Every structure is written in structure tokens, then in C-alpha cells.
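Visitor: Pasting a structure below so you can have a look.
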Amino acid sequence: MSSAAFAASQHDAGTAANIGRSPLTQPPLPYAEDALAPAISAETVGLHYHKHHKGYFDKLATLIEGTPMTEMSLEEIILSTHNDASKIKIFNNAAQAWNHNFYWQSLSPKAQTPSGELAEAITRDFGSHDDMATKLAAAAADQFGSGWAWLVSQGGTLRIASTSNADLPFVHGATPLLTIDVWEHAYYLDVQNRRPDYIKAVIDGHLAWDFAAANFARA
Ligand code: MN
């Protein structure tokens, strides 16, 4: 397969638009490491991408080496190992690889606002954009310990969700539209314990609403 065809196949299928599906290949960052500063510093993005995110791919490769899982998509591995205690290490590393693929795409160097059908659905289900943003910020701030805050579509309705550690919405029947990583490594170098400052900076200026709209269109 040519590299162009491989890239196209990664982008055309899957649970979410525009995210990598291979269990063995960490997708490139979609922007420069300093593109999110000062909300998220280049140092944080660099460590987060090259150490934490890459680490999940490296561990996953070791765990699935020589098994049929090397031929599966990340989503297939996650769905087939979810709730299987004997496969918890594979699930955790595959889910964290996927979550970070999704996180980098959920962030935008430039501020965006939702438009079209997604904006209408936000108003319908939350009352207003600000009410949605307030609920997303609260879910991200209130997540106890490590985890993720999400905007999801489930049963035709948008809602805010949070998950612990590596857990993620699509194993629970919800389609993720965008996410915010609230593990300490996502913000501690920049704002130490002030997680709400990181959340506010991301929500106010760096959510990729074009990515959320593409996921919403496929939900
Ligand atoms: Mn992370």
C-alpha cells in the first residue's frame, strides 16, 4: 500500500474523523509543539506527545507483538479487550493511545466556535454555548484523579461526560465529539495544581470545533 493510500485509509474509517487507527503507529502532531502556547506550553506538548503518548504506543506494541491484534485497528482492540480483566494492560495502553490521538485533534491553535448543525444541537441540548462550556469545565475540573472530560453524542442527544484513567465513551455506546485530558501531565508543568486555569484556557481558545463537527456528522 502506498503511503498516500495508507493515510487515506486511516482517515476514512473509524469511530472518529481524522484520527489514527493503527495500534503500531503514533500519528504526527497536527500542529507545531508551540502552537498551543501559552495555554499549553511547547514543553508540556513535547513531553506529553513524545513521552506519555508515545509510551502507550511502545507498551502496546510489546504487549501485542506476534498476535492477531497487530492487524486490528485501535478501536477493534479497545472494544475486544474492554471488561476483560485478563487483557487490562492491552486495553489501558490501546485506549490511552486512542485517547491521545483524539485529544491532539480536539485542540486547535486558533480559537474556533461551533457552527451549523452542531451549534444548533448545542443550543437545543444545553440551552446555550456558554451553558455547555460551563458544564464541560465543571466535568473536567471535578474528575477525581486522572481522566478525561468529553462532549459526546448519545442516542441523538449531546451531553458532557467524564471518564477515569483510560476509560472512553465509545465502549459505553456514546460517540465522542471532543475531549480534554485532565491527567496531571497535561497541565502540571504550566499551572501546577491549578487544573481549572488549564481547562479555561483550552475551552476559551483552543477547542477544535471543526473536528467536533466532523465527528457529530458521523454520530
Ligand atoms: Mn495525557
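Visitor: Taking θ as phi - 60°, what are the ³J(HN,Hα) couplings along segment 122-130 by the Karplus curve (6.51, -1.76, 1.60), each to the nearest whole Hz, with x for Gly and Pro?
Guide: Along segment 122-130, the couplings run 5, 5, 4, 9, 10, x, 7, 4, 5 Hz.
Visitor: What FRET efficiency do you get for Ser146 and Ser115 if R0 is 35 Å and r is their Cβ-Cβ distance, rounded to the nearest 0.05?
Guide: 0.60
Visitor: Is there a pair in Lys59/Lys135; Lys89/Lys200; Lys89/Lys110; Lys51/Lys110; Lys54/Lys87 whose C-alpha atoms are over 29 Å apart, and which pairs would that be?
Guide: Lys59/Lys135; Lys89/Lys200; Lys89/Lys110
Visitor: Which net charge results when you count Lys and Arg as +1 and Asp and Glu as -1 among the other residues whose beta-carbon is under 14 Å from that of Val45?
Guide: -3
Visitor: Regarding the chain, what are the three Cα extents along the principal axes, ordered largest first, in Å?
Guide: 49, 38, 37
Visitor: With a sphere of radius 14 Å drawn around the Cβ of Asp190, what net charge do the other residues whose Cβ falls strictly inside it have (Lys, Arg +1; Asp, Glu -1)?
Guide: Every neighbour counted, the sum reads -3.
Visitor: Taking neighbour counts of Cβ atoms within 10 Å as a proxy for exposure, in what order, fewest first, do Thr25, Thr157, Thr113, Thr81 appear?
Guide: Least crowded to most crowded, the residues run Thr113, Thr157, Thr25, Thr81.
Visitor: Follow-up question, since we're still on this one. What list do you get for Tyr31, Tyr187, Tyr103 if you sort them by fewest beta carbons within 10 Å?
Guide: Sorted ascending by nearby Cβ count, the order is Tyr31, Tyr103, Tyr187.
Visitor: Among the trypsin sites (Lys or Arg not before Pro) within segment 116-194, which fall in a DSSP loop and have no more than 15 other Cβ atoms within 10 Å of their own Cβ?
Guide: Hits after loop and neighbour filter: Arg194.
Visitor: Could you let me know the centre-to-centre spacing of segment 142-219 and segment 74-104, using Cα atoms, in angstrom?
Guide: One Cα centre to the other: 17 Å.
Visitor: Ordered by residue, what ³J(HN,Hα) values in Hz, to whole numbers, does segment 171-188 give under the Karplus form 6.51 cos²θ - 1.76 cosθ + 1.60, where θ = phi - 60° and Gly and Pro are x?
Guide: Once rounded to whole Hz, the list reads 7, 10, x, 10, 9, x, 9, 7, 9, 10, 6, 10, 4, 4, 5, 6, 9, 5.
Visitor: Here is a further query. Which value, in debye to the nearest 20, gives the size of the charge dipole of the chain about its Cα centre, when Lys and Arg are +1 and Asp and Glu are -1 at the Cβ?
Guide: About 200 debye.
Visitor: Rounded to the nearest 500 deg cm²/dmol, what is the calculated helix-only ellipticity per residue at 222 nm for the chain, with -39500 (n - 2.57) per DSSP H run of length n ≥ 4?
Guide: After summing the helix terms and dividing by the residues of the chain, the value is -14000 deg cm²/dmol.
Visitor: For segment 13-79, give the magnitude of the charge dipole about the Cα centre (Cβ charges: +1 Lys/Arg, -1 Asp/Glu; no others), in debye to the nearest 20.
Guide: Charge dipole of segment 13-79: 60 debye, to the nearest 20.
FYI, it's all coordinate maths here, none of it is from the lab. On a predicted model such as this, the values are computed, not experimentally measured, just so you know. Reconstructed Cβ throughout: ideal geometry from the backbone, glycine too, with neighbour counts over all protein chains shown.
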